[in-house]
Amino acid sequence: MAKQKLYYVIHKPFKVLSQFSNEGNNIGLGEIYSGLPKDVYPVGRLDLDSEGLLILTNDKSLNNRLLNPKHHHKRIYWVEVDGQPDPKGLKQLESGVDININGKTYFTKKAKVKVIAPDVEERNPQVNYNKHPVRSWLQIELTEGKNRQVRRMTAKVGHPTLRLIRVAIEDLSLEPLKSGEITQISEKVIYKKLNLL
């Protein structure tokens, strides 16, 4: 009998690993989502300090199609940065910047960037507002996902990332999930929203 394919969308909280096991002082997804089948695992990852949309599944083919670099999937992030980027800085982010990946210089692909004012829940623990009195939110849309790419990009233009939330992959949106929440989704719906049909 064919194994049932399962798909979940979660809102990964801040300071939670994108794996089920704990590591060092950091907790994994297993601490929050303890009742899931053993063969379900995350597709891709979000850094420990990042929040937002993460897919959990036992469908290996979905994993390959989403993560293979030859398939360009739109990923949208809401990024709180230190300071207020000027038009030149925003243009640089859109056009591409040199970042360091594993000791090698990498020039990022074109991105879509705009200043936003999202209505988001406070993070726990919250950003240190005394240390960073002037902050801005950007929406950054990428079609690639290098290691810590968004953080490296904003730092390159002089505006380090303070908070990073992945809000969408293709047409699959994080809303209305709040931090730590999970929802199950059907194979047909997830493939359609990820534009994989």
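Of all positions in region 59-75, at least one carries a residue that is under 21 Å from PRO176 (Cα atoms) and crowded, with 19+ Cβ neighbours inside 10 Å.
When GLU141, GLU181 are checked against the criterion of being within 17 Å of LYS114 (Cα to Cα), modelled with pLDDT of 95 or more, out of contact with any Asp or Glu (no Cβ under 8 Å at 6 or more places or on another chain) and of a type outside the set (A, V, I, L, M), a single residue qualifies: GLU141. Pairs are defined by a Cβ separation below 9 Å, a sequence spacing of at least 6 or placement on different chains, a first member in region 168-192 that is in contact (Cβ under 8 Å) with a residue 24 or more places away in the chain and closer than 14 Å to VAL120 by Cα, and a second member that is outside any strand (DSSP E or B) and of a type in the set (S, T, N, Q); the pairs so defined are SER179/ASN124. A count restricted to region 68-89 and to residues that are without any contact (Cβ under 8 Å) to a residue 40 or more places away in the chain and assigned to a helix (DSSP H, G or I) stands at 2.
The values are calculated or read from the model by the stated rules, or taken from the named source; none is laboratory data. Worth saying up front: this structure is predicted, and the values here are computed from it rather than measured. Cβ sites come from the backbone with ideal geometry, for glycine too, and all protein chains shown count toward neighbours.
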